[in-house]
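Chemist: Below you'll find the structure I mean.
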Amino acid sequence: MIGLVLQGGGARGSYQVGAVEALLRRNIKFDVVVGTSIGAINGALIASNEFKKLKKLWLSLDSKKIFGTSSYNNFTLNEFSENINDIKKIFNNKGIDITNFKELLVKNIDENKIRTSQIDYGLTTYCLTDNKMIETFKENIQKGKLSEYVLASSYLPIFKKEKIIDNKYYLDGGVFNNCPISMLDSKKFDKIYVIKIYKNNKIDKMMKKENVSIIAPNENLGSIINFDQKRTKYNFKLGYYDTLRELDNLDGNKYYIKFMKDDYYKKLFEKDIKKYILFETTMYDKVNEKKIILKIIEKLATEYKIERFKVYTLLELILMLKIRMKNDKENKYYSFIKHIKLKTK
């Protein structure tokens, strides 16, 4: 049995779409999907076997369509002036009006497909009226109210205060449990994939289990309320390739490099290039040859604008750098790249 856990995080949820696409392309099928906030929304469409619809939905989203306001991230003085009418509207409504958001959920979440799907589905929300955290699966949700629960799970504190389910107030489940892996604690899984969308976020004790794979970005995914198409497409790619890194044990921090054992890098370091990068070894109390070499390779790949979203062998990256740095003798790593040899025998 395979489980999927989707963390909350607003517009950053586009990262999860790319990650799930990579899993699906590897023919990894989910038996249970749980999520909170945007993770609950993404999870609803995944559980109903409508991934293509989910991806298409993300590619059509913008902040105005969701919130009824112009697209924004962090207002600059100029942006404040340009969006003053939207800001006044938010204050007059005592929060962002969610009419558009509710319509979006009703239009795209098919309760019947979720209920008849073989994939179980769960979400979290917080009932303000009862002062109670709610973790529930689809079989425990009253028929006809599933989209209301998804709305409750993703009800941001900046939204206008409205009663949602059974005349009660609710709040985004992510405020109290942003990554609900605990919902899977009572079930036995062969594998659990956790797709996080926050860098350096809290790690639940369940995430340390051997059957759990965590897919997470090592960079900021942007504003949680700015649904920008350029950022969405970037996060798609990042989520996709970060998932390949986890599945295939790829090397690299920013780039995606096919795995080579530490011994390979040690031989490479000692036989060919140690004398050309002695100034780098002072960065570490104990020399880690693989870490040093990959750090330099990725730094140079970024500097010389080598395409990031592709899986490379170490040989491919170094050959590309040899070509691009051929006449750049001023670069302090010129000798390193020039003299490095990829055969260690």
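Chemist: Give the long-range amide H neighbours of Val212: residues separated by 5 or more places, or on another chain, with amide H under 5 Å away, using H modelled in the peptide plane at 1.01 Å from N.
Modeler: Ile192
Chemist: Please give the net charge around Glu316, taking every other residue with its beta carbon less than 14 angstrom from that of Glu316, where Lys and Arg add +1 and Asp and Glu add -1.
Modeler: On the way: positive: Lys258, Arg308, Lys310, Lys322, Arg324; negative: Asp251, Glu298, Glu307.
Net local charge, Glu316 excluded: +2.
Chemist: Next question, about the same structure. I'd like the carbon and sulfur percentage of the solvent accessible area for the range 1-66, probe radius 1.4 Å, heavy atoms only, ligands and nucleic acids excluded.
Modeler: Result for the range 1-66: 52 percent of the exposed heavy-atom area is carbon or sulfur.
Chemist: Give the peptides 36-48, 257-269 in descending order of average Cβ contacts within 10 Å, highest first. Walk me through the numbers on the way to the answer.
Modeler: Working: 36-48: 27.9, 257-269: 15.8.
Ranked by mean Cβ neighbours within 10 Å, highest first: 36-48, 257-269.
Chemist: Return the loop-located GluC sites (Glu not before Pro) in the range 87-171 (DSSP other than H, G, I, E, B) with at most 14 other Cβ atoms within 10 Å of their own Cβ; answer none if there are none.
Modeler: Values: sites: Glu103, Glu111, Glu135, Glu139, Glu148, Glu162; in loops: Glu162.
The qualifying sites are Glu162.
Chemist: Starting with the highest mean, order 290-300, 319-329 by the number of other Cβ atoms within 10 Å, averaged over the residues of each peptide. Provide the component values of the computation, followed by the final result.
Modeler: Numbers: 290-300: 18.8, 319-329: 13.6.
Listed from highest to lowest mean packing, they are 290-300, 319-329.
Chemist: Shape call for the range 113-215 from the C-alpha gyration tensor, a ≥ b ≥ c root eigenvalues: rounded (a/c under 1.5), prolate (a/b greater than b/c) or oblate? Don't skip to the end; give the middle numbers.
Modeler: Working: a/c = 2.31, a/b = 1.40, b/c = 1.64.
Cα axes put the range 113-215 in the oblate bin.
Chemist: Between Lys107 and Lys258, what is the label-point separation in nm under the 7 Å Cα-to-beta-carbon projection?
Modeler: Inter-label distance under the simple model: 4.5 nm.
Chemist: A further question on this structure: For Thr129, what residues show an amide H to amide H distance below 5 Å, using hydrogens built from the backbone and excluding near sequence neighbours?
Modeler: Amide H neighbours of Thr129, under 5 Å, 5+ apart: Tyr169.
Chemist: If you don't mind, another one. Any chance you could run the full-extension gain for Leu315 through Lys291? It's 0.36 nm times the residue separation minus the Cα-Cα distance, nm to one decimal.
Modeler: On the way: separation 24, 0.36 × 24 = 8.64 nm, distance 1.64 nm.
Result for the pair: 7.0 nm of gain on full extension.
Chemist: Here's something else I'd like to know. If the label point is 7 Å along Cα→Cβ of Asp166, which residues in the range 108-133 have backbone nitrogen under 15 Å from it?
Modeler: Counting only backbone N, you get 125-133.
Chemist: Quick one: if you stick a label point 7 Å off each Cα along the C-beta vector at Lys338 and Lys233, how many nm between them?
Modeler: For Lys338 paired with Lys233, the spin-label model returns 4.0 nm.
Chemist: Can I ask one more? Rounded to whole Hz and in sequence order, give me ³J(HN,Hα) for the range 128-139 from the Karplus expression 6.51 cos²θ - 1.76 cosθ + 1.60, θ = phi - 60°, writing x for Gly and Pro.
Modeler: Along the range 128-139, the couplings run 5, 4, 9, 6, 9, 7, 10, 10, 9, 9, 4, 5 Hz.
Chemist: Let me ask something additional. Quick one: Karplus J couplings for the range 16-25, per residue in order, coefficients 6.51, -1.76, 1.60, θ = phi - 60°, nearest Hz, x for Gly and Pro?
Modeler: 5, 5, x, 5, 5, 4, 5, 5, 5, 5
Chemist: At a threshold of 8 angstrom on Cα-Cα distance, excluding pairs fewer than six apart, so keeping six or more, what relative contact order does the range 106-202 reach in percent? Display every interim value, and only then the final one.
Modeler: Numbers: 107 pairs, mean separation 25.2, N = 97.
In percent, rounded to a whole number, it is 26.
Chemist: Further question on the same structure: Taking amide H atoms as placed 1.01 Å from N in the peptide plane, list the residues 5 or more away in sequence, or in a different chain, whose amide H sits under 5 Å from that of Leu4.
Modeler: Result for Leu4 returns Val32, Val33, Val34, Tyr193.
Chemist: In whole Hz, what ³J(HN,Hα) sequence does the range 294-301 give by Karplus (6.51, -1.76, 1.60; θ = phi - 60°), x for Gly and Pro?
Modeler: Listing the rounded values in order: 5, 4, 5, 4, 5, 4, 6, 4 Hz.
The values are calculated or read from the model by the stated rules, or taken from the named source; none is laboratory data. Just so it is clear, the structure is predicted and the values come from calculations on it, not from any experiment. Please note: Cβ atoms are built from the backbone with ideal geometry, for glycine as well, and neighbour counts cover all protein chains shown. SASA here: full protein model, heavy atoms, side chains in, ligands and nucleic acids out. Shrake-Rupley method; radii C 1.70, N 1.55, O 1.52, S 1.80 Å.
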